[in-house]
Amino acid sequence: MRSNELLLDAFGRIRETVERTLEGLDDGSLALRPAGTGNSIAWLIWHLARVEDVQVADVAGLEQVWLGQDFVGRFGLPLKPRDTGYGHSSDQVDAVRAPAELLQEYYEAVHQQTVGYLQGLGDEELDRVVDTRWNPPVTLGVRLVSTIADCLQHVGQAAYAKGLHRTPGE
């Protein structure tokens, strides 16, 4: 197995879990916040999509899907156009509202850009330094694994939050 095949599998698992998590949720369920202060499912899915979008676009030298395909306009969130959700206040978390179909469409577009990039990625490229602000500098391989880890954590949180809203027997 080549490295890009492994990465494609990992990002594919994020995609599958996003799809399963969003399935059957209405706008009210998407906006519910565990314990009243946790991150909503809508915020978690939006945030993980933004994370993957920003990180992959940056290392691939591509435009963010959020901006290039005007998801920023379609979502119409009261946030700065390049906002990804890092450091959001409770009010900002509340402001991220979108129907499941739009969240799924955005994530799918991000995933397709990720797949397109990874399909042509060679093993030798994984050692390329993509961020010198850290010690040691961050390589492409480390950045992609970090992105996968972040996105898997958030989609897991969203799936867990979905389970909290279910009644026994559903």
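The values are calculated or read from the model by the stated rules, or taken from the named source; none is laboratory data. Since this is a predicted model, take the numbers as computed values, not measurements. Don't worry about glycine lacking a Cβ; one is built from the backbone with ideal geometry, like all the others, and counts go over all protein chains shown. Just the protein is used for accessible areas: all its heavy atoms, side chains included, with ligands, DNA and RNA removed. Shrake-Rupley method; radii C 1.70, N 1.55, O 1.52, S 1.80 Å.
When restricted to residues that are open to solvent by less than 20 Å² (accessible area, probe 1.4 Å) and touching a strand residue (DSSP E or B) at 6+ places or on another chain (Cβ under 9 Å), region 56-94 contains 1. Of all residues in region 13-42, those satisfying the criterion of being under 30 Å from GLY122 (Cα atoms) and in contact (Cβ under 8 Å) with a residue 40 or more places away in the chain are ARG13, ILE14, ARG15, THR17, VAL18, GLU19. Does region 47-55 contain any residue that is touching a strand residue (DSSP E or B) at 6+ places or on another chain (Cβ under 8 Å), of a type outside the set (Gly, Ala, Ser), assigned to a helix (DSSP H, G or I) and open to solvent by less than 20 Å² (accessible area, probe 1.4 Å)? No, region 47-55 contains no residue that is touching a strand residue (DSSP E or B) at 6+ places or on another chain (Cβ under 8 Å), of a type outside the set (Gly, Ala, Ser), assigned to a helix (DSSP H, G or I) and open to solvent by less than 20 Å² (accessible area, probe 1.4 Å). On the stretch given as region 109-121, residues that are open to solvent by less than 50 Å² (accessible area, probe 1.4 Å), more than 14 Å from HIS47 (Cα to Cα) and in contact (Cβ under 8 Å) with a residue 40 or more places away in the chain total 7.
The set of residues in region 6-34 being in contact with a helix residue (DSSP H, G or I) (Cβ under 9 Å, 6 or more places away or on another chain) and more than 15 Å from LYS162 (Cβ to Cβ) consists of LEU7, LEU8, ALA10, PHE11, GLY12, ARG13, ILE14, ARG15. VAL129 versus (1) touching a residue at least 60 places away in the same chain (Cβ under 8 Å); (2) in contact with a Ser or Thr (Cβ under 7 Å, 6 or more places away or on another chain); (3) open to solvent by 40 Å² or more (accessible area, probe 1.4 Å): which is the lone unmet condition? Just one mismatch for VAL129, condition (1). Being open to solvent by 40 Å² or more (accessible area, probe 1.4 Å) and either outside any helix (DSSP H, G or I) or out of contact with any strand residue (DSSP E or B) (no Cβ under 7 Å at 6 or more places or on another chain) (or both) is a property that holds for LEU8. Taking every residue in region 153-165 that is touching a residue at least 40 places away in the same chain (Cβ under 8 Å) and under 14 Å from LEU22 (Cβ atoms) and pairing it with any residue that is among the hydroxyl-bearing types (Ser, Thr, Tyr) and part of a helix (DSSP H, G or I), at least 6 positions away or on another chain, the pairs with Cβ-Cβ distances below 6 Å are VAL155/THR17; ALA158/THR21; ALA159/THR21; LYS162/THR21; HIS165/SER29.
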